[in-house]
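Asker: Take this structure first; my questions come after.
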Amino acid sequence: MSFLTFLLMLLISFSVCAKDVSAPKKAMVIGVTGQDGAYLTELLLEKGYEVHGVRRRASMFNTRRIDHIYQNRQVDNRRLVLHYGDVTDLATMMVLMREVQPDEVYNLAAEGHEMVSFKMPVYSCTVNAMGTLNILEAIRQSGRKDQIRFFQASSNHIFGSAPEIPQNEQTPMHPTSPYGTSKLFAHWITVNYRESYGMYACNGILFNHESPRRNSTFSTRKITHAIGRILRKEKHTLYLGNLDAMRDWGYAKDYVEAMWLTLQQEKPTDRIIASGESHTVREFTELAFREAGIEIEWHGTGEHEKGVDAKTGKVVVAIDTVYYRPNEINCALGDAAKAQKDLNWKPKTSFNDLVKIMVQSDLSGQNPR
Ligand code: NAP
Ligand code: GDP
């Protein structure tokens, strides 16, 4: 080899390395149109990633949570690209994995409502369980399985009504709904692909996390959304189910940071992501009304219980048994010590601040359901 050829090869390999160093990391966010998908995409864009969001086709636009960061094809060097895809469709998952060639894949797609999963158990399990397997298989078959890091949005619902309080990574799993059971499959298949194929695949066992972007069929957002309407006199009474269930609620914006940190560690593993505090639905309701200037007094018991505006005597909260669940998690409380130690992560937003953020956002009347 002549000296000139050697020099040329050195230059070429240097330029290839330099390109690799400067090329942005590519993340695939599956479920980009959801609450977490939107916050995670914002975070990844801030960190300089090229984000490939996977959304499913709907007859109405389903991108309202990401419209403010959307970039169309004409934008030079755009860093947010949307693809159509459904996790139940293995063929498309495989094509996307080959075409996009991501460094990191976040699976946030789910039929995520526990109560709805009792009404649509087969579909919920198909999306949550088989959908996760489809993604893992698409990664395994992509020819880049050792280059891709995978995050699975696991859930505290895998524990069900756990005998242990708080729940940690060793707590026995005993889900109490089709949703929880499907998430349990997704959790273990992620572990299985890590152990069987050496893939970098991690579960974040996420406890409830909320925000103004939460769908208003979930208790917290249902409450804050209703308060906005009650104050604007568009509605009189908020109907709820079990007021005494306890949840470990955090702010979604804090939780997506834990997702990202999970994939930046040297070794893959599973971790609880939680606030470490548990509050009843009743407490959330009282605090949210107080934030809007209404003090609640409770009268009656069980399904006849009513929350009354102490000043006006009007009933602002009542029970509708339709919201009682066939099976219930009485107390969710997560121990996130492992995440705190490994990731140096803990939530920045307190329970009181979360309630405040959500109520203030819904008082404006501008925030869609
Ligand atoms: P979310 O707001 O309901 O978002 C779910 C996303 O999944 C949406 O983008 C939805 O699309 C998409 N999706 C649903 N079915 C799909 C399918 N078949 N193919 C492709 N995409 C599909 O949920 P989230 O609160 O952001 O939660 C994100 C993940 O964390 C979920 O896996 C959830 O189970 C898990 N998790 C959440 C919590 C929580 O408290 N938020 C707690 C534990 C675990 P559309 O916009 O078209 O509906
Ligand atoms: P989940 O923990 O993922 O099921 O989150 P949700 O916000 O849907 O439910 C949290 C708790 O609130 C559960 O124990 C429900 O039984 C209770 N809850 C009480 N009333 C309601 C209601 O009207 N809607 C919902 N979604 N939950 C309610």
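The values are calculated or read from the model by the stated rules, or taken from the named source; none is laboratory data. Not measured: the values here are computed from a predicted model. All Cβ positions, glycine included, derive from the backbone under ideal geometry; neighbour counts span all protein chains shown. Only protein heavy atoms, including side chains, enter the accessible area calculation; ligands, DNA and RNA are left aside. Shrake-Rupley method; radii C 1.70, N 1.55, O 1.52, S 1.80 Å.
Asker: When Lys and Arg each count +1 and Asp and Glu each count -1, what net charge do the other residues less than 13 Å away from MET120, Cβ to Cβ, add up to? Numbers along the way, then the final one.
Answerer: Values: positive: LYS119; negative: GLU111, GLU114.
Taking every Cβ under 13 Å from that of MET120, the sum is -1.
Asker: Output the peptides 26-35, 108-117 sorted from most to least packed, where packing is the average of other Cβ atoms within 10 Å over each peptide's residues. List each step's numbers first, then the result.
Answerer: Numbers: 26-35: 25.5, 108-117: 21.0.
So the order, starting with the most tightly packed, is 26-35, 108-117.
Asker: Between LYS306 and ASN72, with labels modelled 7 Å along Cα→Cβ, what's the label distance in nm to one decimal, could you check?
Answerer: According to this spin-label approximation, the distance is 5.4 nm.
Asker: Counting alpha carbon pairs within less than 8 Å and at least 6 residues apart, what relative contact order, in whole percent, applies to the chain? Please report the intermediate quantities before stating the final value.
Answerer: Working: 703 pairs, mean separation 57.9, N = 369.
Relative contact order here is 16 percent.
Asker: Here's something else I'd like to know. Give me the percent relative contact order of region 213-305, please, defined on Cα pairs under 8 angstrom at least 6 residues apart. Working shown, then result.
Answerer: Numbers: 62 pairs, mean separation 28.0, N = 93.
Dividing the mean separation by the residue count of region 213-305 yields 30 percent.
Asker: List, in order, the whole-Hz ³J(HN,Hα) value for each residue of region 335-340 obtained from phi through the Karplus relation with A = 6.51, B = -1.76, C = 1.60 and θ = phi - 60°; use x for Gly and Pro.
Answerer: Working through the residues one at a time gives 9, 9, 4, 5, 5, 5 Hz.
Asker: I've got another one for you. Percent of Cα-Cα pairs per 5 Å bin, from 0 to the last occupied bin, for region 13-169, please list those.
Answerer: 2, 8, 16, 19, 19, 15, 10, 6, 3, 1, 1, 0
Asker: Under 5 Å between amide H atoms, partner at least 5 residues away or on a different chain: which partners does LEU333 have, H built in plane at 1.01 Å?
Answerer: Residues meeting the criterion, in which the H sits 1.01 Å from N, are GLN167.
Asker: Follow-up question, since we're still on this one. Return the lysines within reach of LYS253: Cα separation strictly under 17 angstrom, same-chain partners fewer than 8 residues apart disregarded; answer none if there are no such residues.
Answerer: LYS47, LYS346, LYS348, LYS356
Asker: Using 14 Å as the cut-off for backbone N distance, which residues of region 272-294 belong to the label zone defined by a point 7 Å from the Cα of SER350 along Cα→Cβ?
Answerer: 277
Asker: If you take every DSSP beta bridge fully contained in the chain, what fraction is antiparallel? Give it as a percent rounded to 5. Kindly include the intermediate steps, with their values, before the conclusion.
Answerer: On the way: 9 of 44 bridges.
Given both bridge residues lie in the chain, the antiparallel proportion sits at roughly 20 percent.
Asker: Okay, next question. Taking the Cα centroid of region 269-319 and of region 123-157, what is the distance between the two, rounded to the nearest whole Å?
Answerer: 37
Asker: A further question on this structure: May I ask for the equivalent-ellipsoid semi-axes of region 160-258, computed as the square root of five times each C-alpha gyration tensor eigenvalue and listed largest first in whole Å? Walk me through the numbers before you get to the answer.
Answerer: Working: eigenvalues 226, 54, 28 Å².
Square roots of five times the eigenvalues give 34, 16, 12 Å.
Asker: While we're looking at this one, here's another question. Over the chain, what portion of Cα pair distances is larger than 26 Å, expressed as a whole percent? Before the final figure, lay out each step's value.
Answerer: On the way: 36707 of 67896 pairs.
Pairs farther apart than 26 Å: 54 percent.
Asker: Same structure, new question: If you average over every viewing direction, what projected area does the convex hull of the Cα atoms of region 246-345 give, in nm²?
Answerer: Numbers: hull surface 33.9 nm².
So the mean shadow area of the Cα hull is 8.5 nm².
Asker: While we're on this one: Could you run the Karplus curve 6.51 cos²θ - 1.76 cosθ + 1.60 with θ = phi - 60° over region 235-244 and give me ³J(HN,Hα) per residue in whole Hz, x for Gly and Pro?
Answerer: Coupling constants for region 235-244: 7, 9, 10, 9, 9, 10, x, 6, 7, 9 Hz.
Asker: Then there's this: Counting only heavy atoms of the protein chains, get the accessible area per residue of region 99-199 (1.4 Å probe) and round it to a whole Å² value. Show your work: numbers first, answer last.
Answerer: Numbers: 3940 Å² over 101 residues.
Per-residue value: 39 Å².
Asker: Calculate one ³J(HN,Hα) per residue across region 73-83 by plugging θ = phi - 60° into the Karplus curve 6.51 cos²θ - 1.76 cosθ + 1.60, and present them in order as whole Hz with x for glycine and proline.
Answerer: Whole-Hz 3J(HN,Hα) from phi for region 73-83: 4, 7, 6, 5, 6, 5, 10, 10, 10, 9, 10.
Asker: Report the chymotrypsin sites (Phe, Trp or Tyr not before Pro) located in region 316-369 that are in a DSSP loop and have at most 16 other Cβ atoms inside 10 Å of their Cβ, or state none.
Answerer: Numbers: sites: TYR323, TYR324, TRP345, PHE351; in loops: TYR324, TRP345.
Within region 316-369, the qualifying chymotrypsin sites (Phe, Trp or Tyr not before Pro) (loop, at most 16 other Cβ atoms within 10 Å) are TYR324.
Asker: Taking the Cβ-Cβ separation of ARG64 and GLN170 as r and a Förster radius of 45 Å, what is the calculated FRET efficiency to the nearest 0.05?
Answerer: Numbers: r = 40 Å, r/R0 = 0.88.
The formula returns an efficiency of 0.70 here.
Asker: Amide H neighbours of HIS209 under 5 Å, counting only residues 5+ apart in sequence or on other chains, H built in-plane at 1.01 Å?
Answerer: Counting only residues 5 or more places away or on other chains, the set is GLY250.
Asker: Here's a follow-up. What number, in percent, do you get for the relative contact order of region 29-131 if the mean sequence gap of Cα pairs under 8 Å and at least 6 apart is divided by its residue count?
Answerer: Working: 121 pairs, mean separation 31.8, N = 103.
Computed over region 29-131, the figure is 31 percent.
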